[in-house]
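The structure appears below as structure tokens.
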Amino acid sequence: MNFKMRNWVLGSAVALLAGTASAAGTLIYCSEGSPTGFDPSRQVTGTDFDASAETMFNRLVEFAPGSTQIRPGLAEKWEVSADNLTYTFTLRKGVKFHTTSYFKPTREFNADDVVFTFKRLTDKNFPFNKAAPSDFPYASDMAMDTNLVAIEKVDPYTVRMKLKAVDAAFLQNLAMSFASIHSAEYAEGLLKAGKAANINTQPIGTGPFVFRSFQKDANIRYDANKDFWRKGDVKLDKLIFAITPDASVRYQKLQKGECHVMAYPKPADLKAMQTNPKLNVPSQPAFNTGWLSYNVSRKPFDKLEVRQALDMAINKKAIIDAVFQGAAQPATNPMPPTQWSYNKTLKDAPMDVEKAKALLKKAGIAEGTEITLWAMPVQRPYNPNAKLMAEMIQNDWAKIGIKAKIVTYEWGEYIKRAKAGEHDTMLIGWTGDNGDPDNWLGVNLGCEAVGGNNYARWCNKEFDDLIVKGRSTTNQAERVKLYEKAQTIFKREVPWTTIAHSTVYQPMRKEVQGFKISPFGLNSFYGVSLK
Amino acid sequence: MSTPSNLTAADQAANAAALSYPSPLKEFWQSFSANRGALIALIFFAALVLAAILAGVLAPHSPTEQYREHLLTPPAWVQGGSLQFLLGTDELGRDILSRLMHGARLSLMIGVVSVVLSMLPGIVLGLLAAFYPTWLGNGIMRAMDIMLALPSLLLAVAVVAVLGPGLVNTMLAIAIVSLPSYVRLARASAMTELNKDYVVASQLAGAGKLRLMFNTVLPNCMAPLIVQGTLGFSSAILDAAALGFLGLGAQPPLPEWGTMLASARDYIDSAWWVVTMPGLTILFTVIALNLLGDGLRDALDPKLKKLA
Amino acid sequence: MLSFILRRIAVVIPTFLGVTLLAFALIHMIPGDPVLVMMGERQIDPEFYASALKRLGLDQPLYVQYWHYLLNLLHGDFGTSIVSNEPVIREFLTLFPATLELSLCAMIFACLLGLPAGMLAATRRGTIVDHVTMGSALTGYSMPIFWWGLILIMLFSVSLGWTPVSGRISLEYDIPPVTGFMLIDTLLSGEEGAFKSAAHHLILPAIVLGTIPMAVIARMTRSAMLEVLREDYIRTARAKGLSRGRIVIVHALRNALMPVVTVIGLQIGTLLAGAVLTETIFSWPGIGKWLIDSISRRDYPVVQGGILLIATMVISVNLLVDILYGVINPRIRHAR
């Protein structure tokens, strides 16, 4: 029967052998996971931002493709007052919001939309927030909710923003995904219809692609925005995200032409990809850090000795060889060396099993103590295989008598639970958003960010004072000093074990033209075309 | 093997008629060993049990030791392989052969524990249902119908979803989902026995309900239950592996066979041995157990043969 | 006849109630606060918590909660996903056709291969053909199908490149769901190549899912045929000088089919359980994958509703088979 069956299979497979030529102008992107929603204001992960902010939305200012430099977006120009506290934006005219089956705009983009967007991010009592309660973790991690004290419409195409304290990176922050501009008209309609929550499922933006449909865990479909305000940036007819959590499946699909661009290749496949004549594999030096957070709000991780012991038991080099296949450099600091203010003088504690055991003993930790080690379910630029990394750390810790249980959840759930502090230790990481040191130290380690991106829940007064001061200083040399000192404190207190800064590779088929790797780890399809 | 040991009046009469009648055990063995497939399966299974018990001694390496210089080494007979790792290593440099041997322990343990955990309560419930066929029996059988309304793997998935993933919960879930088959079988065979003369006789002789249940009726129902146990063993191994594969079963670094396959999808095009070895082990084990079950059934209860 | 049907339905009602109780209990057995479990929110303010408690009726005694749960079910309310905020029943109905299509194709595959194989083995009993066929059936029957899927992907998709890697249809086709069956919808859409692509995507998953039923059917067909071939009327037919093929096809097969059909009916559970694994491996957007994904999202209302819906389906199909049997066979109808 085996023989017969094989014949049958062969026969039908050959009979059905079909070409994989794709419709002209349809680009398929093999993405790594389902977004939790399409409202960039409330999201934190690159998976979410790729699917919403990068495809369907615009910001007042934006990063030039492939660069960390900002350029005008929905604001044509802006003025900053002498005290660095007031910003006045002149808005672009003739920008249309998307027309879809669920919304037909009656007016063009104007100051009301900007005011709505930022009121929503900063005012808990804003009517829309009452109707659709949500956290805005990014805005609050960056202290925007407390620092942005006024947003005023001066005239329909002028908006003024006032800050409480100087924020050296304010404009950069406005270019980040979470600051994407929503349509006030659409939101008002939703509010009236009692469907405010739809803002997360039926997005309306001004960006190059228009939302068409989303099938959870399967695909997201977008149509080109033929009215996009930056003419010539939309060269595709359709954009499809094929949600494919498995890196090897993404690669197989890329090889077979079932998708054109893929997210996050498995390091082990890179060599084969680079020699494949059908593929291009551009790369970009690291602007990310992968690390392990110790939840200091839980026992016994509140004890420095415990964190030190766990830290020095980890074999970082082996991880870089096995998980990254060498395409990464060991990380010492929270930020990568290419970030200005990186403190070159710091060193990792040398790996030392005996000393780690002694430290644990001193801290009164019994052998065989069980802890949880969280590993994210998706690939990230800073960590291509968290499960594998977790198994290695588990093995390293077993040698000092710590039994780690590996825990994982679906990505959205992982972040949600981690923000609630349910973990003991967790693997996570960061890709820089705006090129400012505060984006590493403030967002991930500041006291404001506990309950947000500060997964170590580490709030150190000495450290926090330095970064708060750094944020409100405009003199760069001064800031460098403050941040270098902050990194020294970080290294002394070990809220994380920093693991690696990895090189980002973006495999795509040769017919894809004009794709630029974002230094911020986002995937956008502005100006991309198919040959 | 607890073959019918209660020589009842009827049996004794038969024995008297044929004095040279072979002992039940011998008869069983003769009939079993005539089945070549079952015999080979028995040998394979014995070897597996041995490997599992002696894994600590026989396995060339520790199942969790990560040889980080030897990631994804191919099996010894393939170019690039080494004799140090006969079946190759996985993505963390762990020896696959050693993991499979230690994994045999886990799989056999899962099989034994879940079969025992479902067979014992299953027998008790089945006998109760047979002895008290009115409301208690009906209640029990209705409850079993409910459990049978869900495909076993789905029910196991639901149970694990509630209890959380892990080895113990896997065994528990499998035991729960296989309960109905034992209850039904025990009840059905007990019902047939209940009408037989020897039961009526011992009832008249004043045997209590408990004695009647466990000493008189049960031994005569054991044959189909043993067969069911063997088959349950194989499906327990399959279900546990499926749960492990879905990430809901035994958790790393435990070398459970299904768990070993959970990340194998990643190595389809680069390291076939990571995919093939654990799967073949599961397949052979399950085939052996099914053959063994068939052989046992034929040998223990020729009546069931035609139901094959 | 009507009384027979009503009696059958009456027997099923307690089973169905039991399943609802099971599903209801499921969400209450999860460790942790049910509001947090159901709302999927942590850090929610006490006011909101209290209102949620009230809205979900969780401040009432359990039996009242169960009663409300039943009432909701009767109104077709199987809960709401905490991830998508969609009613569970709607998600189920959009995904179910995919599973049904896959299962039907798997069953067709299983019958197309299993029936002839079983017949062949029975007519060549004891020969090498019989041994090979039955050996293969045993192998198929013992197959860990998630692994079987991986092996087939390794062989046909990756090494030979004949079949697509995963999914239901090539994404360049955006087929509007009319019937939910991709094979039919692609034909209706009239898009060139779409049907081919859908069929192409279906081959491997259908083979994987059909493997165990195929083995079961082959074994069953063989033993049923052997039974029938021993009957007197076959001997009579043979004595009459009828050709061997005619005997097997016309006389034996017709009579052997009854138990085989029963077995096919009983395979629905196997198919649904197999669908969980097959859909996961092939990223097939059906209810099996939906359930597994929901578990990893901790979307408990979906798990609860999905399990209940699947159980309801199995119960209904069994009931249907039962009634059909009674209709065909009066002996069953009157036996009690």
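Of all the numbered requirements in (1) in contact with a His (Cβ under 8 Å, 6 or more places away or on another chain); (2) farther than 19 Å from B:Tyr267 by Cα, B:Phe85 misses one, and that requirement is (2). Return yes when C:Leu113 is more than 7 Å from every other protein chain (Cβ to nearest Cβ) and either within 29 Å of the chain's Cα centre (by Cα) or modelled with pLDDT of 95 or more (or both) and no when it is not. Criteria not met by C:Leu113. Scanning the range B:266-278 for residues that are more than 9 Å from chain C (Cβ to nearest Cβ) and assigned to a helix (DSSP H, G or I) gives B:Asp266, B:Tyr267, B:Trp273, B:Val274, B:Met277.
Of the candidates A:Ala150, A:Ala197, A:Ala179, the single residue that is under 29 Å from A:Phe520 (Cβ atoms), open to solvent by less than 10 Å² (accessible area, probe 1.4 Å) and among the small types (Gly, Ala, Ser) is A:Ala179.
Would you call C:Ser159 of a type in the set (Gly, Ala, Ser), within 11 Å of chain B (Cβ to nearest Cβ) and open to solvent by 20 Å² or more (accessible area, probe 1.4 Å)? Criteria met by C:Ser159.
Screening B:Thr281 on (1) at the interface with chain C (Cβ under 9 Å from one of its Cβ atoms); (2) at pLDDT 95 or above shows it passes everything except condition (1).
Applying the criterion of being open to solvent by 10 Å² or more (accessible area, probe 1.4 Å) and more than 8 Å from every other protein chain (Cβ to nearest Cβ) to the residues of the range A:403-418, the residue that is farthest from C:Lys289 (Cα to Cα) is A:Lys403. Across the range C:314-327, not a single residue is classified as more than 10 Å from chain B (Cβ to nearest Cβ), open to solvent by 40 Å² or more (accessible area, probe 1.4 Å), not hydroxyl-bearing (Ser, Thr, Tyr) and not in a helix (DSSP H, G or I). Total residues in the range C:132-152 satisfying the condition of being open to solvent by 20 Å² or more (accessible area, probe 1.4 Å), under 21 Å from the mean Cα position of the chain (by Cα) and more than 7 Å from chain B (Cβ to nearest Cβ): the figure is 1.
Would you check if there is a residue in the range C:235-258 being surrounded by 24 or more Cβ atoms within 10 Å (Cβ to Cβ) and closer than 30 Å to C:Ile315 by Cβ? Scanning the range C:235-258, I find at least one residue that is surrounded by 24 or more Cβ atoms within 10 Å (Cβ to Cβ) and closer than 30 Å to C:Ile315 by Cβ, so the answer is yes. Could you count how many residues in the range C:178-220 are away from chain A (no Cβ under 11 Å) and either in contact with an Asp or Glu (Cβ under 8 Å, 6 or more places away or on another chain) or open to solvent by 40 Å² or more (accessible area, probe 1.4 Å) (or both)? Final tally of qualifying residues: 14.
Among the residues of the range A:502-515, is there at least one that is out of contact with any Gly (no Cβ under 9 Å at 6 or more places or on another chain), open to solvent by 40 Å² or more (accessible area, probe 1.4 Å) and closer than 17 Å to A:Pro337 by Cα? Yes, the range A:502-515 contains a residue that is out of contact with any Gly (no Cβ under 9 Å at 6 or more places or on another chain), open to solvent by 40 Å² or more (accessible area, probe 1.4 Å) and closer than 17 Å to A:Pro337 by Cα.
The residues of the range B:64-93 that are touching a Leu at 6+ places or on another chain (Cβ under 8 Å), in a loop (DSSP other than H, G, I, E, B) and not aliphatic (A, V, I, L, M), listed by number, are B:Gln66, B:Arg68, B:Pro75, B:Gly88, B:Asp90, B:Glu91, B:Gly93.
Just one of the listed residues (C:Leu266, C:Leu272) is closer than 23 Å to B:Leu148 by Cα, within 12 Å of chain B (Cβ to nearest Cβ) and in contact with a Pro (Cβ under 6 Å, 6 or more places away or on another chain), namely C:Leu272.
Selection of the range C:293-313 for residues being assigned to a helix (DSSP H, G or I), open to solvent by 20 Å² or more (accessible area, probe 1.4 Å), in contact (Cβ under 8 Å) with a residue 12 or more places away in the chain and within 14 Å of chain A (Cβ to nearest Cβ) yields only C:Tyr300.
Restricting attention to the range C:76-98, the residues being of a type in the set (Val, Ile, Thr), within 12 Å of another protein chain (Cβ to nearest Cβ) and touching a helix residue (DSSP H, G or I) at 6+ places or on another chain (Cβ under 8 Å) number 3.
Say whether the condition of being farther than 27 Å from A:Ala309 by Cβ and within 14 Å of chain C (Cβ to nearest Cβ) is met by at least one residue in the range A:432-442. Looking through the range A:432-442, none of the residues is farther than 27 Å from A:Ala309 by Cβ and within 14 Å of chain C (Cβ to nearest Cβ). Scan the range C:101-125 for residues that are among the charged types (D, E, K, R) and out of contact with any helix residue (DSSP H, G or I) (no Cβ under 8 Å at 6 or more places or on another chain) and the total you get is 0. Among the residues of the range A:200-211, is there at least one that is in a strand (DSSP E or B), at negative phi and either open to solvent by less than 10 Å² (accessible area, probe 1.4 Å) or within 11 Å of chain C (Cβ to nearest Cβ) (or both)? Scanning the range A:200-211, I find at least one residue that is in a strand (DSSP E or B), at negative phi and either open to solvent by less than 10 Å² (accessible area, probe 1.4 Å) or within 11 Å of chain C (Cβ to nearest Cβ) (or both), so the answer is yes. Quick one: is B:Leu248 open to solvent by 10 Å² or more (accessible area, probe 1.4 Å) and under 20 Å from B:Val49 (Cα atoms)? So B:Leu248 does not fit the description; no.
Among the residues here, B:Ala188 does not qualify as part of a helix (DSSP H, G or I) and either on the phi > 0 side of the Ramachandran plot or open to solvent by less than 30 Å² (accessible area, probe 1.4 Å) (or both). The set of residues in the range A:250-280 being in contact with a helix residue (DSSP H, G or I) (Cβ under 7 Å, 6 or more places away or on another chain) and without any contact (Cβ under 8 Å) to a residue 12 or more places away in the chain consists of A:Gln252 alone.
Scanning the range B:156-183 for residues that are surrounded by fewer than 23 Cβ atoms within 10 Å (Cβ to Cβ), in contact with a helix residue (DSSP H, G or I) (Cβ under 8 Å, 6 or more places away or on another chain) and either β-branched (Val, Ile, Thr) or closer than 16 Å to C:Val276 by Cα (or both) yields B:Val159, B:Val160, B:Val162, B:Ile176.
Inspection of the range B:252-262 identifies at least one residue that is within 14 Å of chain A (Cβ to nearest Cβ), at pLDDT 90 or above and surrounded by fewer than 23 Cβ atoms within 10 Å (Cβ to Cβ).
In this structure, does B:Ala240 turn out to be touching a Ser or Thr at 6+ places or on another chain (Cβ under 6 Å), crowded, with 21+ Cβ neighbours inside 10 Å and within 17 Å of C:Ile292 (Cβ to Cβ)? Taking the combined requirement at face value, the residue satisfies it. Is one or more of the residues making up the range A:298-308 over 27 Å from the mean Cα position of the chain (by Cα), buried (at least 20 other Cβ atoms within 10 Å of the Cβ) and under 23 Å from A:Asn333 (Cα atoms)? There is at least one residue in the range A:298-308 that is over 27 Å from the mean Cα position of the chain (by Cα), buried (at least 20 other Cβ atoms within 10 Å of the Cβ) and under 23 Å from A:Asn333 (Cα atoms). A single entry from C:Ser166, C:Ser142 fulfils the requirement of being modelled with pLDDT of 90 or more and among the polar types (S, T, N, Q): C:Ser142. The criterion of being among the small types (Gly, Ala, Ser) and out of contact with any helix residue (DSSP H, G or I) (no Cβ under 6 Å at 6 or more places or on another chain) holds for C:Gly161.
The values are calculated or read from the model by the stated rules, or taken from the named source; none is laboratory data. Worth saying up front: this structure is predicted, and the values here are computed from it rather than measured. Methodologically, a virtual Cβ is constructed for each residue, glycine included, from the backbone with ideal geometry; neighbour enumeration extends over all protein chains shown. Just so you know, the surface numbers come from the protein's heavy atoms only, side chains and all, with ligands and any DNA or RNA stripped out. Shrake-Rupley method; radii C 1.70, N 1.55, O 1.52, S 1.80 Å.
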